[in-house]
Every structure is written in C-alpha cells, then in structure tokens.
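Novice: One structure is given below, represented as structure tokens, and several questions about it will come after.
The numbers here are math on the coordinates, done by the rules we state, and not lab data. All values derive from a computational prediction rather than experimental measurement. Cβ sites come from the backbone with ideal geometry, for glycine too, and all protein chains shown count toward neighbours.
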Amino acid sequence: MKNYSIPAIGAVSLSLLMSGCETTTRVNKEEQPNVVIIFLDDAGWADFDPFWKNYYKTENVNALAREGRVFQNFYVPQAVCSASRSALLTGCYPGRTDMHGAHGPNHRGVDPSFETIGEMLKRNDYTTGAFGKWHIGDAEETRPPARGFDESAGIMYSNDMWSAHPVNPDYWGQFPLRYWENGEVIIDSVTGEHQKYFTKWITESAVDFIDRNKENPFFLYVAHPQPHVPLFCSDEFKGKSGIGLFADVMLEIDWSVGQIMQSLKKNGLEDNTLVMFSSDNGPWISYGNHAGKTPFRNAKTSSFDGGIRSPLIMKLPGKIPSGSVSRNCLFSIDILPTIAEITHAQLPQNQIDGKNVWELIVGEDGVDNPHDYYAVSLNRKLQAVLSSDGKWKLHLPHGYSEVVEGGNNGMPGKRMNMEIDTALFNLVNDPYEISNLHGHYPEITNQLLEYAQKHKNVFYLSDD
C-alpha cells in the first residue's frame with residue numbers, strides 16, 4: 001500500500017523517474033497498440049493553445065498536437081459528468097445505460113451488463129489501469145476493480161461532493177469524499193490539503209503503471225478531477241502562471257501530460273501507443289474565474305456546442321497524421337468500437353451505439369461517417385440532433401439556463417432560465433448557433449425530426 005501522507009505522496013516513485021534509469025525498448029506489436037486516454041473534467045474547448053490562444057502556455061499539450069492530430073468537432077452526447085464518462089467507456093448513449101446527469105455517493109451507476117473499455121481490453125490480454133475520477137458507479141460491483149481494471153486509484157465521484165461544497169455543505173457533508181486504491185479506502189475523508197495533490201498523485205500512479213507494464217499491451221485511463229471546481233493544485237504550481245488559480249491548475253495538468261508522454265518515450269512505447277486527450281464536457285462557466293472557456297454558445301449542462309463540444313487530440317505515430325487538423329464530426333460513443341478495431345479486440349456482447357470511425361480519424365479520403373445522426377440529451381430529455389457530417393444541428397424545444405453573472409473565487413454566479421423553440425443551425429457557417437434556419441430548410445428539418453423521433457422511440461426519451 002502506498003503512503004498517502006501529505007505532501008509527498010509519490011516521492012519515492014518521483015525520485016525514480018528523475019534518477020535517469022536506463023531506457024528500455026519493447027518489441028512493438030502493431031496489432032496490439034497500447035491505449036492511453038487522458039480525460040479531464042470540465043475543461044473547455046478553448047482552454048488549450050491548439051484550439052485557442054491563451055495567456056498561459058500548455059507546452060506539453062501543444063507538443064502532443066504537433067505530433068498528433070487536433071479534432072475540432074468532437075462531441076459528447078450529454079454535457080454532464082456521469083453521462084459523458086459512461087458514454088466514453090461503454091460506447092452507449094446515456095439513454096441505453098440509463099446514465100444521466102451527475103451521480104452522487106453510493107449510486108450504483110452503470111449496470112455491469114454494459115461492458116467497459118477496460119473489460120473489453122482485459123479480455124484481449126491487456127493490463128488495465130484507471131487513475132483519477134471514476135463517477136460511473138459507487139458500489140462494489142460498479143467500481144473500477146469490478147469493471148475490468150487491474151489497478152485503480154482515485155475518487156468515485158466529483159471532487160465538489162464533500163463537506164466544503166459552496167452551496168450545499170450540510171447535504172454533501174453526510175458523505176465523506178474518499179480516495180481509493182485497488183478497491184480499498186486509503187483516505188477516509190478528503191480535505192483541501194489532499195485535493196492539492198490529486199493531479200500529482202494521479203500522474204505518479206499513471207507513470208508507475210507505464211513503467212511496470214512496458215512489456216505488456218496496456219490500457220491506461222487517466223481521468224483528472226480538475227479543472228472541475230473546487231480548484232486545487234500542488235504548491236509547486238500555485239502562482240506559477242501569474243494570472244490566477246485556474247491557469248495554475250491548467251499548467252499542472254499540462255505537466256501531467258508531459259510526464260506521461262515522457263514515460264512512454266523513456267520506455268520505448270511512444271511509437272506503439274494511441275494517446276487520446278480530451279474532456280468530459282464544456283466549462284462550468286457559472287463559476288467565473290474558476291472556470292474554463294469556450295467560444296461557443298453556453299457551456300456545461302447545455303446542449304449547445306459550448307456544453308457538448310470538447311477538445312480532442314489523438315496521436316499514434318505512423319497511423320494518425322502528425323501536425324494535422326480534422327473537422328470531421330466525431331462523438332465519444334465511437335471511441336470504444338474504434339479502439340476495438342485497432343487492438344483487434346472483440347466487441348462487447350451487449351448492444352452498443354458507437355461505430356468504428358478509425359478511417360475518419362486517420363483522414364482517409366472519400367470516407368463518410370457511418371452514422372445517420374448523433375443525438376444530444378440532458379437527463380431523460382432529448383434536446384438536439386446533429387447530422388453525422390457535423391453540418392446541421394436541430395434543437396427540439398427545451399429549457400436551458402444562461403449565466404447572467406459569473407461567480408468568483410469558487411462561488412457560483414447567477415443563472416436565468418431560458419427556452420428555445422425548434423431551431424436549425426448550420427454549424428459550418430454559424431458555429432455559435434445564432435441564426436435559426438428552421439423555416440428555410442424544411443427537408444433538412446424534417447429529416448432530423450425523423451431521426452429525433454426514432455431516437456426517442458429506441459431510448460424512451462422525452463421531448464416534453
């Protein structure tokens with residue numbers, strides 16, 4: 001068991017990393033590439049230089065973009081933590097798994113009948129590790145050790161679900177936020193001092209996992225709890241940006257990306273590892289200076305692009321063109337079947353909604369998206385449908401909230417309830433969803449309405 005004392009949780013493993021150990025090289029098995037997914041929490045589309053210029057420099061994310069491919073139009077099917085993470089890890093729409101919104105402590109989460117990427121790859125002789133925020137189940141049968149992960153460490157739900165919650169401390173104080181390792185509680189009640197080291201601890205666990213599994217194909221899922229509020233970073237990064245805590249947090253996340261990439265290179269794994277870097281949904285802009293940013297309309301919990309369009313960078317040398325940009329429309333439900341394709345893993349026996357989009361990812365000419373449409377929901381309500389080429393987006397009538405006054409230093413701001421009627425947007429010409437073309441293109445509107453009705457019928461979703 002690790003020593004989780006403060007502040008040097010991983011001092012031993014970190015010193016080994018810095019000691020200049022001899023580099024080893026494994027024989028590449030192209031049929032079984034390693035897979036690394038780095039999945040952030042509430043990071044906005046515009047929080048990284050490859051997508052939008054910032055006052056802080058994420059040099060390691062920039063390097064990943066130069067060596068891989070930037071995907072401008074990557075979406076999640078619901079802009080809330082648990083629903084989004086479930087879609088990524090199961091390849092299913094939230095309506096199929098009944099995973100909606102953000103689940104709290106003791107929630108059972110995704111039914112074990114829906115296989116995760118971890119379980120799929122473990123069946124294919126991969127070693128699997130999950131470090132960070134889980135948030136798709138807090139019962140014995142739904143935590144990482146029971147869902148296909150050989151090793152795991154982190155928290156089971158959001159880092160704000162604790163006694164220091166800025167709005168509901170009495171309610172959340174009934175449920176201590178715990179830090180787990182391999183199915184055991186290591187910290188029974190997380191404090192702010194512990195949260196300062198989450199990014200560092202998770203990174204050290206990830207690097208240690210890579211170092212110990214360099215001879216075996218592996219799947220590594222790194223799900224940082226940051227930059228979800230409350231914001232924390234280690235003392236080493238506090239004040240480093242010179243422009244505020246949010247930027248400090250992003251610099252530490254960027255450091256984490258660098259440590260993971262350095263470990264892959266050191267162990268001779270760089271050329272045979274698919275790396276994916278993304279976020280679960282858009283920024284939680286009601287928290288003002290403690291939130292990320294997006295140029296698109298609205299943000300987290302919204303079905304506008306500010307909520308569901310996330311940054312994505314993917315790298316696999318020799319397969320994915322380096323230094324390239326893709327504007328193909330992709331959804332997170334397609335990640336599981338695409339990973340199955342490149343690892344030659346058998347797909348789950350349960351029905352999934354995603355499809356293999358590897359040809360779109362690598363940019364083969366003349367390839368169309370295999371879907372007819374993509375669907376976007378909030379809780380059990382279907383709110384929008386996109387054409388699979390990413391050009392058209394139809395909003396069904398629904399309510400949403402608009403931030404009218406941003407929060408400050410960890411406190412949420414004020415929001416106002418709004419309504420949108422049936423609205424059609426051309427996302428190519430109008431990515432900010434301003435000009436409603438509903439009355440101008442009846443054929444497109446009717447086709448997307450048919451897809452919406454089909455989706456509601458299959459997944460028992462409502463438009464009321």
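Novice: Relative contact order for the chain using alpha-carbon pairs under 8 Å, separation at least 6, rounded to a whole percent?
Specialist: Relative contact order for the chain comes out at 22 percent.
Novice: Distance cut-off 27 Å, Cα to Cα: go down the list 133/214; 414/454; 355/454; 200/355 and report the pairs above it.
Specialist: On the way: 133/214 24 Å; 414/454 36 Å; 355/454 18 Å; 200/355 35 Å.
As for pairs spanning more than 27 Å Cα to Cα, those are 414/454; 200/355.
Novice: Could I ask something else about it? Stretch residue 63-residue 184 to full length: gain in nm at 0.36 nm per residue minus the Cα-Cα span?
Specialist: Gain on stretching residue 63 to residue 184: 39.9 nm.
Novice: Work out how much length residue 372 to residue 462 would gain on full extension: take 0.36 nm times their residue separation and subtract the Cα-Cα distance, in nm to one decimal.
Specialist: Details: separation 90, 0.36 × 90 = 32.40 nm, distance 2.03 nm.
Answer, rounded to one decimal: 30.4 nm.
Novice: What's the extension gain from residue 379 to residue 146 if we count 0.36 nm per residue and subtract their Cα-Cα distance?
Specialist: Working: separation 233, 0.36 × 233 = 83.88 nm, distance 2.58 nm.
Roughly 81.3 nm would be gained on extension.
Novice: Is there a quick way to get the dipole size of segment 291-365? I mean about its Cα centre, with the Cβ of Lys and Arg at +1 and of Asp and Glu at -1; what is the value in debye to the nearest 20?
Specialist: 440
Novice: In addition: Based on the mean of other beta carbon atoms within 10 Å per residue, what is the order of 344-350, 125-131, most packed first?
Specialist: 125-131, 344-350
Novice: Please list, ordered by chain and number, the residues whose modelled amide H lies under 5 Å from the amide H of residue 186; skip anything fewer than 5 residues away on the same chain.
Specialist: Under 5 Å from the amide H of residue 186: 179, 180, 181.
Novice: Size of the dipole of the chain about the Cα centre, Lys and Arg at +1 and Asp and Glu at -1 on the beta carbon, nothing else charged, in debye to 20?
Specialist: That gives a dipole near 440 debye.
Novice: Further, regarding this structure: Can you compute the radius of gyration and Dmax for the chain, using only the Cα atoms, both in Å?
Specialist: That works out to 20.9, 66 Å for Rg and Dmax.
Novice: Okay, next question. Which of the aspartates and glutamates could be linked to residue 300 by a straight reach, that is with a Cα gap under 18 Å, when you skip same-chain ones fewer than 8 residues away?
Specialist: Excluding near neighbours in sequence, the set is 41, 42, 47, 160, 280, 402, 405, 419, 433.
Novice: Let me ask something additional. In the chain, with Lys and Arg counted as +1 and Asp and Glu as -1 at Cβ, which of these residues, 237, 207, 156, has the Cα nearest the positive end of the dipole, that is, farthest along it?
Specialist: Result: 237.
Novice: Ranking 394, 360, 437 by Cβ neighbours within 10 Å, fewest first, what do you get? Walk me through the numbers on the way to the answer.
Specialist: Numbers: 394 26, 360 20, 437 16.
Listing 394, 360, 437 from fewest to most nearby Cβ atoms yields 437, 360, 394.
Novice: So, R0 is 25 Å and r is the distance between the beta-carbons of residue 174 and residue 113; what FRET efficiency does that work out to, to 0.05? Could you put the intermediate results ahead of the total?
Specialist: Details: r = 30 Å, r/R0 = 1.20.
With R0 = 25 Å, the Cβ-Cβ based efficiency is 0.25.
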